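The values are calculated or read from the model by the stated rules, or taken from the named source; none is laboratory data. Keep in mind the model is a prediction, meaning the values are calculated, not measured. We place every Cβ from the backbone using ideal geometry, glycine too, and count neighbours over all the protein chains shown.
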Amino acid sequence: MSGIPTVALSVDQLSIRFGGVTAVESMTFDVREGEALSLIGPNGAGKTSAFNAITGYLAAAAGDIVYRGARLNGLKPSRIAALGVVRTFQKTSVFAGRSVLDNILIGLHLQSRQHPLAIILGLPSVAREERRLIEKAREVLHFVGIEPRKHELASSLAYGELRLLEVAVALAAGPTLLLLDEPVAGMNAVETAGFMETLARIRARGVTVLLVEHDMKMVMRISDRVVCLNQGRIIAIGPPAEVQRHPDVIRAYLGERHVRVEG
Amino acid sequence: MKRLATAAFLAFLFSIPLWVSSLYVLHVLIITGIFTIAAMSLNLLLGYTGQLSLGHVAFFGIGAYVSSLVSLGFAVHLAPDWLVTLDPQPVWLAIIWAIAISGFCGWAIGRISFKVRGAYFVIVTISFAEVVRLVALNWDELTQGPMALNNIPPLTLSIPGLFEFSFIGKVPNYYLVLMAAIIAYVVIARLVNSQAGRAMIALRENEPLATSVGIEVTRYLVLSAVVSAAIAGMAGALYAQYVQIVDPNIFLFIYTVTMVIMVVVGGKGTLAGPIVGGLIFGLLPEALRSLEIRPELQWVAYGVLMIVIVSILPSGIVPALARWWTDRAARAPSQRDQQTPA
Amino acid sequence: MLGGIYALLGIGLTLIFGIMRVVNFTHGELYSFGAYMMFMFVMLLHLNFFLSLALAMALGVALGAVIEFVLLRKLRGADIDTTMLVMIGAWIAMQNLEQLAWSGVAKSIKTPFRSTPLVLGGLSVAWSRLFVFGVALALIAGADAVVDRTRLGRAMRATFQDSAAARLMGVDIDRVYLSTFALGSGLAAAAGALLGPIFVVTPGMGDLAALKAFAVVILGGLGSIAGATIGGFLLAFIEEMGAGYVSSGYRDAMGFLLIILVLIVRPTGLFSRKERIG
């Protein structure tokens, strides 16, 4: 990629308050098209709140969120997803009682418009669409690497595969901006490496990625830029190496460790 | 295997009037069939979409009343000097009106359900049914109140000059209800196994995840409510033209409860569930009646049964049977290239 | 007077609904249970009227405790649908048991009050209704005192705010739930016992009472005794007004229409502070 980087997502003076607590204060940053940007920071820094506000699960008290020219503030999550912004959840979130294939088929919701009347009348176009969707679903499962498990219940998957399924469901929705909330939490080294490889392939398809993560090794390796939050405010933005050396960032993290050592 | 069983079952159902001569038994089957259709429609809203709507009898009753009023004709003052009249219309048209108006009410409830969720929605639906009942009871001019609408004409299909057939009597009505039940089943099955059905199930299972992939909550809640209400309205209309009398008692909460029991015990969220539940709770009372067990005792038993089933087999009979079946089949792993049953 | 009764019903339900998050479909049955107990004590056993009242209430509390212990305890973690369905099952069983035991014929209960009404400057009020009103107010005040001033009440309020936090702080949730349900049921039984002698006692009387209780809860907001009290009187008032303008048959419909309207406009009720159950 060459030339001036274009801004995909613009977050401007975002403030989030609820229950008397200010989760995020005057947060301003951009996500550029095609980049991988990581949000890091100690627990409670406001990372997931920011995610929730961007994707419409939480109302912003102030500030603007704009994606490719469309203002996201106040839109319903389903509308935001239709604009190409799809997220995963911090707590493992799949349709546990459904098969792996069904999960993806649900994820493919935006890819197909079957009219209820056509469905009820059983028009052949509906059956054709279903077949097309099943093919696409298998593609997505193959891309992520869990295609052989397609008929199994989601709840019967191992933890690593479950998280892959989560990402697959999000991918099925056809995102141009993918927000991943702690995607490798709880994964071992092998699974994490596998995920980073999958992430690379996702990016190769041109998807912009915004990541919340605690695993510093992964953050450093895959991010183009890093945003560090502490107590609801941004304390550093820049390439990984820079942010890692930033005094405020060190203080934010070391401060915690410091307390732990004393306590 | 499944197709064979279904075909055999259908053949059996079609053959019943050939070897059952008791009008009483046919009557019981017809009523059971009508309630089963209503239960299937409730299952769509309650079982598949996860909306606990306890006012379902309202749609059924509205369908019955609309169909009756349109086929009988009516004259009512909407204001002291504004008389609205309608001449009697053909019954098939009345039934279409019943479906349309019930569907509209479903649309209204669907839109409300989006704003008013969870336990409050339950209260709204119960209240809605009660209000409709009280309106039917008190708006004498339109509904004859407790005096009931009488002499409702039966459905007549005709092609002028070629033939005319009225569904009078047990046997024709049995087939009418059977056909209607099959149509209802097919409509619901198609919906449930489609993208729309998956969306409804997704909303029930994990709403935040569903919205994150673009499923609009209102759209599918409303769709589910409309189809559910329309089918219930059709059942009500069929009921009206069969028993030919309709009174406000049709809106009693106990009928909603009956439908709920059918769905829950049979298996909510499955296609076969309400049918199993419908058959059990439609036929059981009659079977018990011959044993001369007092109806109150029966209801006590139903209440207890519901508690037991909901506690032990929360998904109902059909899913429990299905699980038991697949557990047995799990010894020989099979390649099934189908989606999991909804 | 009806306002006081509605308030009693509403307070019990709002506590149960608010603290335990259970849609209590048996509330109406406890109302009719109270009435039937009054009938049994006064008419069959010929006990003193006031003693019967107290006994009916006490039995209501006991029955509530039994229901909580037997049914709800097991369902603690279940989703709201399952609990609601169990409550519905219990309600059907209870109502039909009542029908079996007492038959569907309406029963009347004699009161010890004079039938000539008290006349106060233009207003004539029946002694019996005055009595009901007075007792209702006393019970409302009593319930309020329990919730506001006792340790149990504090525990209940804490659980209402945040049950997980309350548990961590050492609140015995089991006891709170048991007491809440018992108290709520007792109030419902009291309402039934009080109204039984005024009107007649039938097995189905609980249904309407329960729905009105829900109306009161929605008017007054979840978990608020003050709200339920105001809501109760408000509902009675609206019913009177409504019955005056439209035909009296629609009187009962007033409450329901109100519920629907209020929930559409303000899904959390008129006075509530907490988020709606979603």
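Miscellaneous remarks
- Residue check, B:Gly47 touching a Gly at 6+ places or on another chain (Cβ under 8 Å), assigned to a helix (DSSP H, G or I), farther than 23 Å from B:Gln241 by Cβ and at pLDDT below 90: yes
- Considering A:Thr88, A:Thr55, A:Thr6, the condition of being crowded, with 21+ Cβ neighbours inside 10 Å, more than 30 Å from A:His151 (Cα to Cα) and touching a strand residue (DSSP E or B) at 6+ places or on another chain (Cβ under 7 Å) is satisfied by A:Thr55 alone.
- In region A:62-76 there is no residue that is facing chain B (nearest Cβ under 8 Å) and under 16 Å from the mean Cα position of the chain (by Cα).
- Extreme residue, nearest to A:Arg71 (Cα to Cα), among residues of region A:1-33 that are outside any strand (DSSP E or B) and either among the aliphatic types (A, V, I, L, M) or not assigned by TED's automatic domain parsing to the domain that holds A:Ala61 (or both): A:Ile4
- Test: B:Ala75 is away from chain C (no Cβ under 14 Å) and either in a strand (DSSP E or B) or on the phi > 0 side of the Ramachandran plot (or both): yes
- Those residues of region A:92-118 which are at the interface with chain B (Cβ under 7 Å from one of its Cβ atoms) and farther than 26 Å from A:Glu161 by Cβ, in sequence order: A:Gln114, A:Pro116
- Some residue of region C:37-54 being modelled with pLDDT of 80 or more and surrounded by fewer than 22 Cβ atoms within 10 Å (Cβ to Cβ): yes
- Residue list for region B:230-255, filter: assigned to a helix (DSSP H, G or I) and among the β-branched types (Val, Ile, Thr): B:Ile231, B:Val243, B:Ile250, B:Ile254
Table: residues versus (1) touching a residue at least 60 places away in the same chain (Cβ under 8 Å); (2) within 11 Å of another protein chain (Cβ to nearest Cβ); (3) closer than 29 Å to A:Arg32 by Cα.
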{"site": "A:Arg138", "(1), (2), (3)": "no, yes, no"}
{"site": "A:Val144", "(1), (2), (3)": "no, no, yes"}
{"site": "A:His151", "(1), (2), (3)": "no, yes, no"}
{"site": "A:Ala158", "(1), (2), (3)": "no, no, no"}
{"site": "A:Thr176", "(1), (2), (3)": "yes, no, yes"}
{"site": "A:Val190", "(1), (2), (3)": "no, no, no"}
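- Residue within region B:53-70 that is surrounded by 15 or more Cβ atoms within 10 Å (Cβ to Cβ), within 14 Å of chain C (Cβ to nearest Cβ), part of a helix (DSSP H, G or I) and in contact with a His (Cβ under 9 Å, 6 or more places away or on another chain) present: no
- Any hit, region B:107-117, residues being in contact with a helix residue (DSSP H, G or I) (Cβ under 6 Å, 6 or more places away or on another chain), more than 9 Å from every other protein chain (Cβ to nearest Cβ), more than 28 Å from B:Gly73 (Cβ to Cβ) and aromatic (Phe, Trp, Tyr): yes
- Residue check for C:Leu55: without any contact (Cβ under 8 Å) to a residue 24 or more places away in the chain, in a helix (DSSP H, G or I) and over 21 Å from C:Val132 (Cβ atoms): no
- Note on region A:9-40: among residues that are without any contact (Cβ under 8 Å) to a residue 60 or more places away in the chain and more than 15 Å from A:Asn52 (Cβ to Cβ), the one that is surrounded by the fewest Cβ atoms within 10 Å (Cβ to Cβ) is A:Gly20.
- Candidate set from region B:157-207 (those that are basic (Lys, Arg) and under 30 Å from A:Phe95 (Cα atoms)); member that is farthest from the other protein chains (Cβ to nearest Cβ): B:Arg204
- B:Ser68 meets the conditions (1) in contact (Cβ under 8 Å) with a residue 60 or more places away in the chain; (2) touching a Pro at 6+ places or on another chain (Cβ under 7 Å) in every case but one. The failed one is (2).
- Qualifying residues in region B:68-99 (those that are at pLDDT below 80 and polar (S, T, N, Q)) - the one nearest to B:Asp140 (Cα to Cα): B:Thr85
- Picking from residues in region B:139-156 that are outside any loop (DSSP other than H, G, I, E, B) and crowded, with 19+ Cβ neighbours inside 10 Å, the one that is modelled with the highest pLDDT is B:Leu149.
- Taking the criterion of being over 13 Å from the mean Cα position of the chain (by Cα) and facing chain B (nearest Cβ under 8 Å), the residues of region A:78-91 that qualify are A:Ser78, A:Arg79, A:Ala82.
- Single condition C:Val132 does not satisfy, out of (1) touching a Leu at 6+ places or on another chain (Cβ under 9 Å); (2) buried (at least 21 other Cβ atoms within 10 Å of the Cβ); (3) modelled with pLDDT under 75: (3)
- Extreme residue, farthest from B:Thr6 (Cα to Cα), among residues of region B:171-204 that are touching a residue at least 12 places away in the same chain (Cβ under 8 Å) and in contact with a Gly (Cβ under 6 Å, 6 or more places away or on another chain): B:Arg204
- For A:Leu180: the one exception among (1) over 28 Å from A:Arg17 (Cα atoms); (2) surrounded by 16 or more Cβ atoms within 10 Å (Cβ to Cβ): (1)
- The selection criterion, being surrounded by fewer than 24 Cβ atoms within 10 Å (Cβ to Cβ), more than 10 Å from chain A (Cβ to nearest Cβ) and at pLDDT 90 or above, holds for B:Val222.
- Failed item in (1) farther than 18 Å from B:Leu54 by Cα; (2) without any contact (Cβ under 8 Å) to a residue 24 or more places away in the chain; (3) within 8 Å of chain C (Cβ to nearest Cβ), with B:Ile307 passing the rest: (1)
- Residue within region A:40-51 that is hydrophobic (A, V, I, L, M, F, W, C), out of contact with any helix residue (DSSP H, G or I) (no Cβ under 9 Å at 6 or more places or on another chain) and part of a strand (DSSP E or B) present: no
- Annotation: A:Leu165 fulfils all but one of (1) surrounded by 17 or more Cβ atoms within 10 Å (Cβ to Cβ); (2) more than 30 Å from A:Leu14 (Cα to Cα); (3) away from every other protein chain (no Cβ under 12 Å); the unmet one is (3).
- Residues of region B:208-219 satisfying the condition of being of a type in the set (D, E, K, R) and more than 7 Å from chain A (Cβ to nearest Cβ): B:Arg219
- Some residue of region B:212-229 being of a type in the set (D, E, K, R) and in a helix (DSSP H, G or I): yes
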